Amino acid sequence: AEEEETDKVVCIGVESVSGEVGDKVDVPILLSDCETVDSVEFDLNYDSAALSVVSVTPGDLFPAEYCVSNTDTPGCVSIACCCELGLEGDGTLLTVRFEILTATGSALTVTTHKTGERAEEVVSYIDEDYNQYFSYVSLTNGAVTVGTAAAPDPLVTPWAPATPTPSPSPTPAPTA
């Protein structure tokens, strides 16, 4: 099979929400530019002293039975979603409901748990022949804040995904 040259960039966006101590708040994780995406796999990191995960609910993109989340590790929600035929458009990947435990709030950062050359294998997509490729990812991290306080710095180093290398523009020829 021929390698597909692509600059496909799928956007993962973690919303920022605000509440008060004791509130339960819903944080949507959105996917956009995600046509033909067939799998997504990443970790959502938070401060387990400031927030507690109440629930993780699949969104409208992937079939619910193919959305898996693991909240066993405090401070991390591991997420994996897949489908057979690829997505048709943008939407909510899933919603994480947190209980706010303290007034400090928490940054919400996406990281990949893969390492080395596989670190960029977070979002895959398929072509019309069902060949699978990995896309680039653009990322917006979020936060849960309390009242008007600013979001604290993340406890983990945010992931900086690779981006496509722009094609050089031709240099205009000087005119006489």
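Based on the mean of other beta carbon atoms within 10 Å per residue, what is the order of 153-165, 123-135, 95-107, most packed first?
Numbers: 153-165: 12.6, 123-135: 15.2, 95-107: 19.0.
Averaged packing, sorted descending, gives the order 95-107, 123-135, 153-165.
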Calculated FRET efficiency for the pair A150/E65, C-beta based, R₀ 35 Å, to 0.05: 0.35
Student exercise, the stretch 1-109 dipole from Lys, Arg, Asp, Glu Cβ charges, in Debye to nearest 20: 740 debye
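Considering only protein heavy atoms, what per residue accessible area in square angstrom results for the chain with a 1.4 angstrom probe? Can you show the working numbers first?
Working: 9700 Å² over 176 residues.
I get 55 Å² per residue for this part.
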Three-way shape label, the stretch 1-124, alpha-carbon gyration tensor, a/c 1.5: prolate
Separation in nanometres of the label points that stand 7 Å from Cα toward Cβ, at T102 and A162: 3.8 nm
Under 15 Å, Cβ to Cβ, from T115 - net charge with Lys/Arg +1 and Asp/Glu -1: -3
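Where does the charge balance sit around E99 when Lys and Arg score +1, Asp and Glu -1, over other residues with C-beta under 15 Å from its C-beta?
Working: positive: K24, R97; negative: E20, D23, D26, D47.
Computed value for this residue: -2.
The values are calculated or read from the model by the stated rules, or taken from the named source; none is laboratory data. As the structure is a computational prediction, the values presented were derived from the model and not from experiment. Glycine gets a Cβ as well: all are built from the backbone with ideal geometry, and neighbour counts include every protein chain shown. The accessibility values were calculated without ligands, DNA or RNA, using every heavy atom of the protein model including side chains. Shrake-Rupley method; radii C 1.70, N 1.55, O 1.52, S 1.80 Å.
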